[in-house]
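Just below is one structure, and these are the notes that go with it.
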Amino acid sequence: MNKVTSKYFHTNDSAKLHYLESGEGQTIIMLPGAGFSAEIFKYQMDEFSKKYRVISLDKRGHGKSQKVEYGYRVSRFAKDLYDLLGFLKLDSVYVISHSLGASSVYDYIDLFGTDKISKLVIVDEPAALLINPAWSNEERQNYGAIYDASTLHNLTNQFINDNSQELIQNIVNMMTTKLATAEQKNFIVQCMDIEGHSAAKLYFNNICQDFRDVFRKIDIPALLITGKASLHPWQSHKWISEQISGSKLELFGEDEGGNHFPFVENPIKFNNIVSSFLYTEREIK
């Protein structure tokens, strides 16, 4: 196993962000979901650093990054990714993105295009999480809309309350399969590292996004991964795969860790699928 080192850089709005780095070669950038630190990709850093240079980012307000009072928006996180690539002078990276990490990439591609990204892995992040009452049930499934306005406010307000630790445990229980071990759940809980008021703003902003028009802009090899037992309808990733020309879709069954954290519940299968995609997928740009 390669040594993992902690490094820092500053964004253009003066936030000091932390990232973990290990290995050498082609660079893989790993972007965790909302609330979760760079440590969440531990099993992927261990594996992929054998062949690649792997970087896992602590988003602003997460993990060892600065707990700034501003910028808890998906668009700002997209700019933070842009700043990281500029700081490292990278222009052809592989990106593995989970949950809000993926929506940050959607926003990044909308703003900056795909010139600096050569391959993209998307893990369990639909196009539009907030329900439009005018949508049919099929449209809600396709877009991944699971929150109405009341549910959205109820969730985000809970992050500010004193029972935030109970909320985190409930979220992890909801986002893991029935077969998840206590050790796996505890690991995910320990990786949840963000202040409550920041989480409230970030979750609210992310749930209110609508990226349905972005996917046809993705002109690079893309792999989508979701689970049959995910809180997000698996059909939402089938819909996304139909929007991205030449993309691949992998579904994990519930007995394979197929909820929101397949890379924690079933890292061997996850790593094998991603390794095959990164190694064999031919550049199309």
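Just so you know, all these numbers are worked out from the coordinates, no wet-lab data involved. Nothing here was measured: the structure is a model prediction, and the numbers come from that model. Positions of Cβ are generated from backbone atoms using ideal geometry, with glycine treated the same way; all protein chains shown enter the neighbour counts.
Highest mean first, the peptides 129-138, 81-90, 177-186 sorted by other C-beta atoms within 10 Å per residue fall in the order 81-90, 177-186, 129-138. Distant-in-sequence amide contacts of LEU179, defined by a placed amide H-H separation under 5 Å and a gap of 5 or more residues or a different chain, comprise nothing. With a threshold of 28 Å on the Cα-Cα distance, the over-threshold entries among LYS42/LYS248; LYS178/LYS238; LYS79/LYS119; LYS3/LYS217; LYS3/LYS185 are LYS3/LYS217. Summarising the amide proton neighbourhood of MET30: residues at separation of 5 or more, or on other chains, whose placed amide H is nearer than 5 Å comprise ILE55, SER56, LEU57, ILE96. For the chain, adding -39500 (n - 2.57) for each run of n ≥ 4 DSSP H residues and dividing by the number of residues yields -11500 deg cm²/dmol at 222 nm.
A straight line joining the Cα centroids of the range 130-204 and the range 221-285 runs 21 Å.
The phi-based Karplus calculation (6.51 cos²θ - 1.76 cosθ + 1.60; θ = phi - 60°) puts the 3J(HN,Hα) values of the range 104-119 at 4, 5, 4, 5, 4, 5, 4, 7, 10, x, 10, 4, 9, 10, 9, 8 Hz, whole numbers, x for Gly and Pro. Between ALA34, LEU278, ILE240, the Cα set farthest toward the positive side of the dipole of the chain (charges on each charged residue's Cβ, about the Cα centre) is that of LEU278.
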